[in-house]
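Participant: Starting off with a structure, shown below.
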Amino acid sequence: MHVNPEATISRRARRLICLAWLSALPATANGILAQVARPAADVAVIQPPSTQLSPRASAALLPDTVITPRDGPKLIRLAAPGSALTTLRLSIPVEEGPSEAGASQIIALLGLERARVAAAPIGARVEGSRTPWGIAYTVVGPTEDFDYLTYVLREAVAQPRLDRNVVERTRLRVREEAQRERETASGRIAAQLRAAAVPGALPLLGTLASLDAISVTSLHDLWARTHRRAHMSLVVVGPEPVELVLAALGDLGSDDRTPPSVPSARPPADPAPKAEVLRSWYGAAWVAGDPGDPHSAVVASLIARRLRERRSTFDSDVQLWDVGTVRVLAVTGAAYATGAQAMRRRVEGILTEAAGSVSREELSPAISDLRLDLLPGARTSWGLATLVGRYHDATGDADAAYQHLTRLDEVTPESIRAYVDLLETRGHQRAELRP
């Protein structure tokens, strides 16, 4: 079988699946904070079988402190022994209304630009992005410049300086990206599957109609509603005392105290895409359940392996999407007329074929590959903050990255078959494009 090299799960793609997996500790009775002491790095919380990670490797993902002040942000700290760097990853949960879709992407780009200007004098590295759950900014630099690093974060989430010319350039940049995505066959089939699997879900880049309606006023209103300190969470990888971290971020974000209200108005429908479709495209999507459940990533890996093993005349792809709190497993194919029927049958049957009768010999390499792709990123303070932060954003659990690794080692052929049976019982959504 021929599989599009860009469509199979390569080592890079498996890393993206791992990063896509992604309960806050309750506050004390007085609502000030809740703090939990974690085991030392050389203590195994779970007694592992011989195939599990070493206690030292797995415990590196455990925060040593988690506190939830009444006014935020929630703080998740991990030690970085021997490192002269500190990494801060700040995430802001965002819920857009239909008329605001894509506005968070604009706010993220504006915040990232401000943060990079602020970080330039000390050479700190800064990144910012729209995630399935909101917006995240990460900054890393010398520990001795900690105060300046927090200043960079404050700049990232500060009230946007909404110069109309800058806003318009950024809006057009996002609109062009959204238009490119919707005018490709792969983008259109993916959008149809997402909409069918998670009705009402909004595209992260927005729609053309919603982006056309965005204004300086609507951007400010969204920022004021979402960028509240109490709603944010911060992952710190470094030696700083938590009291110092919280004090340094005291004036973070918006001070708007009005009850948040998400606009419900819908923009006009988008015009039909004009892209020419040269091949038949077909896709199937399953709601894959809990974002913290590793079975979805294991099954995606098994499907990709099976697609690579059988030569074919059509291209195929398997992906995992996080759509808010919902995980979606999607398989798509594209074929010319002579191979269209075979492609549809292949897409429809690949879940059962790849995972319905999996053996331990097939399962072990898939689990090992996922585990090995996950851990190297955690060897740096940047990678560790990103990994722990994304898992927390997806699940609300500060321990989610660690729990994922322990749950990954509990996956068995029997649990995979039970998981696949559940997906098949729930049924799946379909989408199709024809020339």
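Participant: Just the Cα atoms of the range 388-435, one point each, no solvent: what log10 I(q)/I(0) does Debye give at q = 0.30, 0.32 Å⁻¹?
Facilitator: Debye curve over Cα of the range 388-435, log10 I(q)/I(0) at q = 0.30, 0.32 Å⁻¹: -0.95, -1.00.
Participant: Suppose every K and R has +1 on its Cβ and every D and E has -1 on its Cβ; what is the size of the dipole of the range 227-380 about the Cα centre, in Debye to the nearest 20?
Facilitator: 640
Participant: Please report the antiparallel percentage of the DSSP beta bridges confined to the chain, to the nearest 5.
Facilitator: So the antiparallel bridges in the chain amount to around 90 percent.
Participant: Summarise the accessible area of the chain (1.4 Å probe, protein heavy atoms) by the percent that is carbon and sulfur.
Facilitator: Exposed carbon and sulfur together represent 52 percent of the surface.
Participant: Please sort 385-395, 181-191, 311-321 by packing, taking for each peptide the average over its residues of neighbouring beta carbons within 10 angstrom, highest first.
Facilitator: Ranked from most to least packed, the peptides come out as 385-395, 311-321, 181-191.
Participant: Under a point spin-label approximation (7 Å from Cα along Cα-to-Cβ), what is the Arg169-Glu95 distance to one decimal in nm?
Facilitator: 3.5
Participant: Could you compute Rg(Cα) / (2.2 N^0.38 Å) for the range 139-264, with N its residue count?
Facilitator: In units of the globular-protein estimate, the range 139-264 measures up at 1.34.
Participant: Follow-up question, since we're still on this one. What does the helix-only formula give at 222 nm for the chain: each DSSP H stretch with n ≥ 4 adding -39500 (n - 2.57), the total divided by the residues, and the result rounded to the nearest 500 deg cm²/dmol?
Facilitator: -13000 deg cm²/dmol
Participant: Just grab the label-to-label distance for Thr184 and Ala418, each label 7 Å out from Cα along the Cβ direction, in nm (one decimal).
Facilitator: Going by the 7 Å Cα→Cβ label model, 3.9 nm.
Participant: Let a ≥ b ≥ c be the square roots of the eigenvalues of the Cα gyration tensor of the range 184-319; is it rounded (a/c under 1.5), or, if not, prolate (a/b larger than b/c) or oblate?
Facilitator: Here the range 184-319 falls in the oblate category.
Participant: Given a 1.4 Å probe, how much area per residue of the chain is accessible, in Å²?
Facilitator: Solvent-accessible surface per residue comes out at 45 Å².
Participant: Right, something else. By how many nm would the segment from Leu372 to Leu162 lengthen if fully extended, with 0.36 nm per residue of separation less the alpha-carbon distance?
Facilitator: 71.2 nm
Participant: Please list the three semi-axes, largest first and in whole Å, of the ellipsoid equivalent to the range 79-157, using sqrt of 5 times the eigenvalues of its alpha carbon gyration tensor.
Facilitator: Its equivalent ellipsoid spans semi-axes of 26, 13, 8 Å.
Participant: Further question on the same structure: I need the Debye-formula profile for the chain: one equal scatterer per C-alpha, no solvent, reported as log10 I(q)/I(0) at q = 0.08, 0.10, 0.11 1/Å, two decimals.
Facilitator: -0.48, -0.76, -0.92
Participant: OK, next. Sort largest first and round to whole Å: the equivalent ellipsoid semi-axes of the range 373-413, each the square root of five times a Cα gyration tensor eigenvalue.
Facilitator: Each semi-axis is the square root of five times an eigenvalue, giving 19, 14, 6 Å.
Participant: Taking the Cα centre as origin and putting +1 on Lys and Arg beta-carbons and -1 on Asp and Glu beta-carbons, what dipole magnitude results for the chain, to the nearest 20 debye?
Facilitator: Around 940 debye, computed over the chain.
Participant: Once you put a point 7 Å from the Cα of Arg125 and another 7 Å from the Cα of Leu244, both along the Cβ direction, what distance in nm separates them?
Facilitator: 2.2
Participant: While we're looking at this one, here's another question. Could you give me D for the range 143-198, from Stokes-Einstein at 25 °C and 0.890 mPa s, where the hydrodynamic radius is the Kirkwood radius over C-alpha pairs? Units µm² s⁻¹, please.
Facilitator: Value of D from the Cα-based Kirkwood radius: 166 µm²/s.
Participant: Using a 7 Å offset from Cα along Cα-Cβ at His220, what residues in the range 89-133 end up with backbone N under 18 Å from the label point?
Facilitator: The answer is 100, 103-104, 106-108, 110-111, whose backbone nitrogens lie closer than 18 Å to the label point.
Participant: Normalise the Debye intensity by I(0) for the range 255-318, one equal point scatterer per Cα, no solvent, then take log10 at q = 0.29 Å⁻¹ and round to two decimals.
Facilitator: Calculated log10 I(q)/I(0) at the listed q: -1.29.
Participant: Still on this structure: Order 232-241, 77-86 from most to least packed using the mean count of other Cβ atoms within 10 Å.
Facilitator: Taking the mean over residues of other Cβ atoms within 10 Å, the ranking is 232-241, 77-86.
Participant: Still on this model: How would you order 369-378, 87-96 from highest to lowest mean count of nearby Cβ atoms within 10 Å?
Facilitator: Result, highest mean Cβ count within 10 Å first: 87-96, 369-378.
Participant: Would you please classify the overall shape of the range 106-192 from the alpha carbon gyration tensor, given that a ≥ b ≥ c denote the square roots of the eigenvalues, rounded means a/c under 1.5, and beyond that prolate means a/b larger than b/c while oblate covers the rest?
Facilitator: Prolate, because a/c is 1.5 or more and a/b exceeds b/c.
Participant: Between the alpha-carbon centers of the range 60-101 and the range 296-346, tell me the distance in whole angstrom.
Facilitator: 34
Participant: Once Rh for the range 267-362 is found with the Kirkwood sum over Cα pairs, what is the Stokes-Einstein diffusion coefficient at 4 °C and 1.567 mPa s, in µm²/s?
Facilitator: Here the translational diffusion coefficient equals 87 µm²/s.
Participant: Okay, next question. Starting from the Cα coordinates of the range 327-435, work out the convex hull volume and express it per residue in Å³.
Facilitator: 157
Participant: In Å and from the alpha-carbon atoms only, list the Rg and Dmax of the range 114-153.
Facilitator: Over the range 114-153's Cα set, Rg and Dmax evaluate to 10.6, 33 Å.
The values are calculated or read from the model by the stated rules, or taken from the named source; none is laboratory data. Owing to the predicted nature of the structure, the values given are computational and were not obtained by experimental measurement. Don't worry about glycine lacking a Cβ; one is built from the backbone with ideal geometry, like all the others, and counts go over all protein chains shown. Surface areas here come from the heavy atoms of the whole protein model, side chains and all, with no ligands, DNA or RNA. Shrake-Rupley method; radii C 1.70, N 1.55, O 1.52, S 1.80 Å.
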